[in-house]
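J.: Dropping the structure in here first, questions after.
The values are calculated or read from the model by the stated rules, or taken from the named source; none is laboratory data. Because the structure is predicted, anything quoted here is derived from the model rather than measured. Positions of Cβ are generated from backbone atoms using ideal geometry, with glycine treated the same way; all protein chains shown enter the neighbour counts. These accessible areas exclude ligands, DNA and RNA; they are computed on the full protein's heavy atoms, side chains included. Shrake-Rupley method; radii C 1.70, N 1.55, O 1.52, S 1.80 Å.
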Amino acid sequence: DNDAVLAISAAPGVIIFKQDGNFDRNCGFGNNSWNAVYIRHDDGSVAWYGHLKNGSLTNKTIGETVAAGEFLGVIGSSGRSTGPHLHFELYDAGGNLIEPYQGTCNNLNNDSWWSNQLPYYDSAINKLMTHSAPPVFPPCPQPEIVNEKNHFAQGQTVYSAAYYRDQLAGQVSEYRIKKPDGSILLQWTHASTFPHYAGSYWYWSWDLPEAAQTGIWTFEVLYEGEIYSHQFAVDLTDIKPQQPGVAGQYALHQNFPNPFNPSTTIPFSLQSPGIVSLKIYNSLGQEVRSLLNEFKTADSHSISWDGKGAAGEPLPGGTYYYRIIAGDFMETRAMILVK
């Protein structure tokens, strides 16, 4: 529903078939048709990208070319599907089904078809979040109740959650809650005992001190050699982000275009004049660019980003996050840079 996961082409090729307009909130196996894009590559092989969201497919038509990494559609649950996911299927020039991953599970062909084959279990944290209450996952096809919260008052209860992929038994996660001055309020470790979770999440609740430091706090996790971080604000009162609107409100709007290449525009609105910070972060929570740190008037504004890092280097395609801080207002949104 939120266009959270996009399908992009694994290799350049020509669109040979598209199918759209079908129901995309299925929760089981039936005889429903799916929404899909079919691409033929230079070597004659054909890839299927299926179960896509109704009406989300690329505007390109049959016979047009796509580049590697180009947007094809939004992940949905059309066709014979038990829930939102991408169905990726690959055939060689002779029409034989191919397994692109080379490993013990592959009994179809002897070689890998990936230009850079990742591990079969690609363990990582997809996202860190803070919540006002535990997230709720109702039965398909009802949407999740995320209970996301990034602004807290002193003394309030915080729910800190980590969302994993391919979490394996015995992998240790080291959690830390850092105050604005960099000192540590809480730290703990955790490891799952279950052999393999394709997707998993864990949350802990804790109370902010009654006299907690105000400012930007950090929820940080060290997992499999990578540090992931999420920032949230502690205010004297519980300040909630305004809904997107016009000048006279605080709002961080969705960038456009999105996905984008090579540049995009980020609009925002300010209720009061003051110093505004707007920074770009990669999927690991690492700052890659500071776009703004200066005084701005109470008005509607926008700023462009060229997809480059602090040193002017072009950044790789993927998901990036842009965060605005203006006084007590803080909000973060995601955007997709395609290459």
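J.: Would you kindly work out the equivalent ellipsoid of the chain from its C-alpha gyration tensor and give its semi-axes, the square roots of five times the eigenvalues, largest first in whole Å?
T.: 38, 25, 19
J.: Hey, can you find the accessible area per residue of the chain for me, probe 1.4 Å, expressed in square angstrom?
T.: 51 Å²
J.: Taking R0 as 45 Å, what FRET efficiency do you get between Thr297 and Leu222 from their Cβ-Cβ distance, rounded to the nearest 0.05?
T.: 0.65
J.: Quick one: compute the contact order of the stretch 37-158, relative version, from alpha carbon pairs under 8 angstrom and 6+ residues apart, as a percent.
T.: So the answer I get is 17 percent.
J.: Tell me, in nm to one decimal, what length is gained between Gln187 and Ala133 on full extension, where the rule is 0.36 nm per residue of separation less the Cα-Cα distance?
T.: That pair, Gln187 and Ala133, stretches by 17.4 nm at full extension.
J.: Now for a different question. On a 27 Å Cα-Cα criterion, which of the cross-link pairs Lys279/Lys339; Lys127/Lys179; Lys60/Lys279; Lys149/Lys308; Lys127/Lys308; Lys127/Lys339 come out too long?
T.: Checking Cα-Cα distances, Lys60/Lys279; Lys149/Lys308 exceed 27 Å.
J.: Where in the stretch 76-152 are there GluC sites (Glu not before Pro) that are in a DSSP coil and have at most 12 other Cβ atoms within 10 angstrom of their Cβ?
T.: Answer in residue order: Glu144.
J.: Give me the percent of the accessible area of the stretch 164-305 that comes from carbon and sulfur atoms, probe 1.4 Å, all protein chains in place.
T.: It is 51 percent, rounded to a whole number.
J.: With each label point set 7 Å from Cα along the Cα-Cβ vector, what nm distance links Trp204 and Asn59?
T.: For Trp204 paired with Asn59, the spin-label model returns 4.8 nm.
J.: Another one. Where the only charges are on Cβ atoms (+1 Lys, Arg; -1 Asp, Glu), what is the dipole of the chain about its Cα centre, to the nearest 20 debye?
T.: The calculation lands at about 400 debye.
J.: Over what distance in Å are the Cα centres of the stretch 154-199 and the stretch 44-119 separated?
T.: A separation of 33 Å, based on Cα centres.
J.: Need the full-extension length gain, Tyr120 to Val172, defined as separation in residues times 0.36 nm minus the C-alpha distance. One decimal, nm.
T.: Gain in length upon complete extension: 16.8 nm.
J.: So between Glu144 and Cys27, what do we pick up on full extension, going 0.36 nm a residue minus the alpha carbon distance?
T.: The span from Glu144 to Cys27 would gain 40.7 nm if fully extended.
J.: Place the peptides 212-221, 76-85, 303-312 in order of packing, highest mean first, counting for every residue the other Cβ atoms within 10 Å and averaging per peptide.
T.: 76-85, 212-221, 303-312
J.: OK, next. Averaging sequence separations of C-alpha pairs under 8 Å and six or more residues apart, then dividing by the length of the stretch 245-339, give the relative contact order as a whole percent.
T.: Relative contact order comes out at 32 percent.
J.: Remind me, relative contact order of the chain in percent, using alpha carbon pairs under 8 angstrom and six or more residues apart?
T.: Value for the chain: 11 percent.
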